[in-house]
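Working notes for the structure below.
The values are calculated or read from the model by the stated rules, or taken from the named source; none is laboratory data. Note that this is a predicted model, so its numbers are computed, not measured. Methodologically, a virtual Cβ is constructed for each residue, glycine included, from the backbone with ideal geometry; neighbour enumeration extends over all protein chains shown. For the accessible areas, the whole protein counts, side chains as well, though only heavy atoms, and no ligand, DNA or RNA atoms are used. Shrake-Rupley method; radii C 1.70, N 1.55, O 1.52, S 1.80 Å.
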Amino acid sequence: MRAGVYLGPGEVAVAERALPEPGPGEVRLRISACGVCGTDLHLVHSPKPIIEPGSVMGHEMAGIVDDLGAGVSGFEAGEPVVVEPLASCGDCDPCRGGRDSICRELELYGLQRPGGFADAVVVPGHRLYRVPRSLPPSLAALAEPFAVAVHGLRLADADRKKPPAKLLILGAGSIGLAAVAVARAWDFGHVAITARHPHQAASAKRLGAHEVLDAGSPEVLTGYDADLVVETVGGLADTMTAAGIALAPGGTICVLGVFMGPLTLDPLVLLGKEARLQWSNCYSRRPGEVDFDEAVRVLVAGGDGYDSLLTHQVPLNEIERAFEIAGDKRSGAVKVTVIP
């Protein structure tokens, strides 16, 4: 089969790999669509390798059940599914509580294990979630970034008494826009987002953002007084200082962005506001709160209202071009999807 692999800093290419066979408890999927994530861009463009050269990338996967390993039940060949791309020990306290993403032995498909930039992938059966046949594969692949947003907003809104009155999202990439979609689906009072490019601002408005702020004008954040600030940029961005400035006294900053280096914080600002800092990693499957289930529900309920997120579809054979488009926001890219 074909697979999109990481070769080293700045390099991805299509290579040939053996078609994987599912072992006990595993399912082989034929990939229908796999999104390029901001984390993928950070990994590829990091000057020092973070994943092994030769790794098959891609973790925003939608596919069709192709073959079942021994002991797998509840799925049939031909069913459309999405993948929770985690591999954890299953035995530690976090895993038993459904918090697989903080397992000390955590690995991710598309990073440490072969991922979805390929014709096929093998994953454990319990990591699959059904989606309606009517949901287009590129939309179904948004379940992963939507689950990231669901998890972060659930962690940040720990009291669950009522949604925050004023939410500010820093960054209008796919995770930031997914956070807009989830917050609107959950009836947050006022949802604002910072955007750097006109196409991002337009997409945020179509998703229902009440306010779009110019990311290039940080002075608009002074005294903004958001009850919850969600950081989605990560990388090497200097956004955490801005998060503190925009936060209301007693508010929460939730970090969804994946930072690739040390952060700059203004501790006096955070101290004076008694700020709460909440880190969020991936998603969980706590009893009654399975993040992927909720992400699929939001996607299905929104229907083609989320089409504005899907800006580019690129064949697997052109994966280098997919990364070029995704890495250049001037291209109009929000979500670039690789199609085998």
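Could you tell me the distance between the Cα centroids of segment 175-205 and segment 241-275, to the nearest Å? Centre-to-centre distance over Cα atoms comes out at 20 Å.
Along the axis of the charge dipole computed for the chain (Cβ charges of +1 for Lys and Arg, -1 for Asp and Glu, origin at the Cα centre), the listed residues Ala178, Val72, Ser331 are led at the positive end by Ala178.
Could you compute the net charge surrounding Val72? Neighbours are other residues with a C-beta less than 15 Å from the C-beta of Val72; K and R count +1, D and E count -1. Numbers along the way, then the final one.
Numbers: positive: Arg28, Arg127, Arg130; negative: Glu21, Glu26, Asp66, Asp67, Glu76, Glu79.
Net local charge, Val72 excluded: -3.
Here r is the Cβ-Cβ distance between Tyr129 and Ile50 and R0 is 25 Å; the resulting FRET efficiency, rounded to 0.05, is 0.35. Taking Cα centre as origin and charging only the Cβ of basic (Lys, Arg, +1) and acidic (Asp, Glu, -1) residues, the dipole magnitude of segment 210-290 rounds to 420 debye. Here, segment 153-247 has an Rg and a Dmax of 12.2, 35 Å when only alpha carbons are counted. Dipole size of the chain about its Cα centre, with +1 on Lys/Arg Cβ and -1 on Asp/Glu Cβ: approximately 500 debye, rounded to the nearest 20.
Please label the shape of segment 1-118 as rounded, prolate or oblate, based on the square roots a ≥ b ≥ c of the eigenvalues of the alpha-carbon gyration tensor (a/c under 1.5 means rounded; beyond that, a/b larger than b/c means prolate, else oblate). Present the calculation step by step, with values, prior to reporting the outcome.
Values: a/c = 2.05, a/b = 1.21, b/c = 1.69.
Since a/c reaches 1.5 but b/c is at least a/b, the shape of segment 1-118 is classed as oblate.
Ranking Ala248, Gln278, Leu207 by Cα position along the charge dipole of segment 189-287, where only Lys, Arg, Asp and Glu carry charges on their C-beta atoms, puts Leu207 farthest toward the positive end.
Can you tell me which of 121-128, 323-330 comes out highest on packing, and rank the rest after it, using the mean Cβ neighbours within 10 Å? Numbers along the way, then the final one.
On the way: 121-128: 21.4, 323-330: 16.6.
With the highest mean Cβ count within 10 Å placed first, the list reads 121-128, 323-330.
Heavy-atom accessible area of Thr241 with all protein chains present, probe 1.4 Å, nearest 10 Å²? It works out to around 40 Å².
In a simple Cβ point-charge model (Lys, Arg +1; Asp, Glu -1; nothing else charged), segment 1-73 has a dipole of about 100 debye relative to its Cα centre. Largest accessible area first, the residues Glu320, Glu52, Glu294 order themselves as Glu52, Glu320, Glu294 under a 1.4 Å probe with ligands, DNA and RNA left out. Sorting Lys162, Lys335, Lys273 by solvent-accessible area of protein heavy atoms yields Lys162, Lys273, Lys335, largest first, with a 1.4 Å probe.
Does the chain come out rounded, prolate or oblate, given a ≥ b ≥ c as the square roots of the eigenvalues of its C-alpha gyration tensor, rounded meaning a/c under 1.5 and, failing that, prolate meaning a/b above b/c? Kindly include the intermediate steps, with their values, before the conclusion.
Working: a/c = 1.66, a/b = 1.47, b/c = 1.13.
Taking the square roots of the gyration eigenvalues as a ≥ b ≥ c, the chain is prolate.
Sorting Leu236, Leu167 by accessible area (1.4 Å probe), largest first, what list results? Please list the in-between numbers first.
Numbers: Leu236 150, Leu167 0 Å².
Solvent-accessible surface, decreasing: Leu236, Leu167.
Only one residue of Val36, Cys92, Pro47 has its Cα farthest out toward the positive end of the dipole of segment 1-110, where Lys and Arg carry +1 and Asp and Glu -1 on Cβ, and that residue is Pro47.
Within the straight-line cut-off of under 15 Å between alpha carbons, the aspartates and glutamates reachable from Lys48 are Glu11, Asp40, sequence neighbours fewer than 8 places apart in one chain being disregarded.
When the accessible area of the chain is computed with all protein chains present and a 1.4 Å probe, what percentage of it is carbon and sulfur? The value for the chain is 52 percent carbon and sulfur by accessible area. Taking a ≥ b ≥ c as the square roots of the eigenvalues of the Cα gyration tensor, segment 75-181 is oblate, since a/c reaches 1.5 or more and a/b is not larger than b/c.
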